[in-house]
Amino acid sequence: MDDYCKKSKVPETAMFKPQQQYRRCVAETFKDFPPSTVVLIDSLLSLEPEVRGTASSALQSDFFKTEPLACDPSSLPKFPASKEYDVRLRQEEERRQRKAALGGRGAECSNPGNENHVTSRAVNGAAESKVAIPDYCLNSQLIDYYTKNQIISLFC
């Protein structure tokens, strides 16, 4: 740690030095892991950029070349995306599929801008009414799709 701090040549910065010196304990912590794993973890967690491993050097390490080999990525389980953007895309796709499955019948949302309206039509298309729903009711970031359906059914 001291060696790394002495190498740092950033002008006009306050030097933070811990009250007690910490020793590297990667090998102790991961003593039950295979040696190739410990070497890879140790290089990736190195504080000094010159010594720290890169993604390409990690892929070339013995960890990925020794038995048992890593499994084929296609055999790994698939989990749904958890990022907000991906969730929003998935919800929009589900809405489109439901709308296509209904064939345009039932409740549907029109004009997704600031003035949201829900058009409720009878199956034969004779009766039609529009109900204004506040924008916050349809905000996909705050309310999931199923809650929206419950709110829409209250207004229709």
Legend entry - Residue list for the stretch 53-106, restricted to those being part of a helix (DSSP H, G or I), hydroxyl-bearing (Ser, Thr, Tyr) and within 23 Å of the chain's Cα centre (by Cα): Ser74, Ser75, Tyr85
Legend entry - Every pair of residues 6+ apart whose Cβ atoms lie under 6 Å, when the first sits in the stretch 37-54 and is within 19 Å of Ala70 (Cα to Cα) while the second is of a type in the set (S, T, N, Q): Leu40/Ser61
Legend entry - Subset of the stretch 24-36 [surrounded by 15 or more Cβ atoms within 10 Å (Cβ to Cβ) and either touching a residue at least 24 places away in the same chain (Cβ under 8 Å) or assigned to a helix (DSSP H, G or I) (or both)]: Val26
Legend entry - Lone unmet requirement of (1) part of a loop (DSSP other than H, G, I, E, B); (2) surrounded by 12 or more Cβ atoms within 10 Å (Cβ to Cβ); (3) not acidic (Asp, Glu) for Val39: (1)
Inset, instruction - Scan the stretch 16-23 and give yes if some residue there is surrounded by fewer than 13 Cβ atoms within 10 Å (Cβ to Cβ), modelled with pLDDT under 80 and of a type in the set (Phe, Trp, Tyr), otherwise no. - result: yes
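The values are calculated or read from the model by the stated rules, or taken from the named source; none is laboratory data. Values in this document were obtained by computation on a predicted structure and should not be read as measured data. Please note: Cβ atoms are built from the backbone with ideal geometry, for glycine as well, and neighbour counts cover all protein chains shown.
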